[in-house]
Amino acid sequence: MARVIILMLLATVIMAIAPLSGGVPDDQSPKAVAKWFERVARHNTQPKLSKLHFYLHNNFTGNKTTVVQVAQANISATSPTRFGEVRVLDSLLTVTQDVNSKAIGRGQGLFTFTSREELDFSTTLTFIFTSGKYRGSTIQLVGWSPFDKQYREFPLVGGTNDLRLAQGIGTFQTLARDAAKEVIQVDFIFFHY
């Protein structure tokens, strides 16, 4: 009898701790999200520190184009900085620099050339993870990027599922770029619950 009671207590403890150890329920209704926040607050859950390293592949031409221009101002075509031009992207994320390596998701969003004087852009991107540890989760990035810097730093401002409340920094480094394609090394370091 004592053995049954111990097993029941152990099962109860495991069920109480499991949602705090990384699991986000499949139910993402407002009520379920509110319960998740209450549970995090009630247990004074500490944020986790995570790092991600992957590659973003942009294709500018051909039948597998992943970056397209969707708008421009009346001066964009003659501007040396493409001021006013807007592009959207839906680009592959992989585990290595090789575009044929394992795919882990997509980078989707838009960027706008925002300076009349230097080549830079402002961007909002969502990284959608389709495999690996964070499968089904997303992380959002917002920021400004000068083209002439080796490393470009962006704030990470949120996430979903296993990356809820993500906050941190994303660093981009362009490894290869020509008229047809671009490979960007992406490194994230962030806190999340």
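Of the residues in the range 2-18, not one is modelled with pLDDT of 90 or more, closer than 19 Å to Asp162 by Cα and not assigned by TED's automatic domain parsing to the domain that holds Ala166. Restricting the range 153-170 to residues that are among the small types (Gly, Ala, Ser) and part of a strand (DSSP E or B) leaves a set whose member that is nearest to Asn58 (Cα to Cα) is Gly170. Considering only residues in the range 59-79 that are touching a residue at least 12 places away in the same chain (Cβ under 8 Å) and in a loop (DSSP other than H, G, I, E, B), the one that is surrounded by the fewest Cβ atoms within 10 Å (Cβ to Cβ) turns out to be Gly62. Taking the range 29-54 as the search range and keeping residues that are in contact (Cβ under 8 Å) with a residue 24 or more places away in the chain and out of contact with any Asp or Glu (no Cβ under 8 Å at 6 or more places or on another chain), which one is surrounded by the most Cβ atoms within 10 Å (Cβ to Cβ)? Only one residue tops the list, namely Phe54. Determine whether the range 127-143 contains at least one residue that is in a strand (DSSP E or B), polar (S, T, N, Q) and over 22 Å from Thr65 (Cα atoms). Checking the range 127-143: at least one residue is in a strand (DSSP E or B), polar (S, T, N, Q) and over 22 Å from Thr65 (Cα atoms). Which residues, taken from the range 85-108, are in a strand (DSSP E or B) and free of Cβ contacts under 8 Å to residues at least 24 places away in the same chain? Within the range 85-108, Val88, Gln108 meet the criteria. When each of Gln173, Gln150, Gln185 is tested for being part of a loop (DSSP other than H, G, I, E, B), touching a strand residue (DSSP E or B) at 6+ places or on another chain (Cβ under 7 Å) and not hydrophobic (A, V, I, L, M, F, W, C), the lone residue that passes is Gln150. Candidates Tyr134, Tyr193: the one that is closer than 27 Å to Ala32 by Cα and more than 13 Å from the chain's Cα centre (by Cα) is Tyr193. Could you tell me whether the range 111-124 includes any residue that is part of a strand (DSSP E or B) and touching a residue at least 40 places away in the same chain (Cβ under 8 Å)? Scanning the range 111-124 turns up no residue that is part of a strand (DSSP E or B) and touching a residue at least 40 places away in the same chain (Cβ under 8 Å).
The values are calculated or read from the model by the stated rules, or taken from the named source; none is laboratory data. Computed from a predicted structure; not experimentally measured. In this analysis, Cβ positions are derived from the backbone assuming ideal geometry, glycine residues included, and neighbour counts consider all displayed protein chains.
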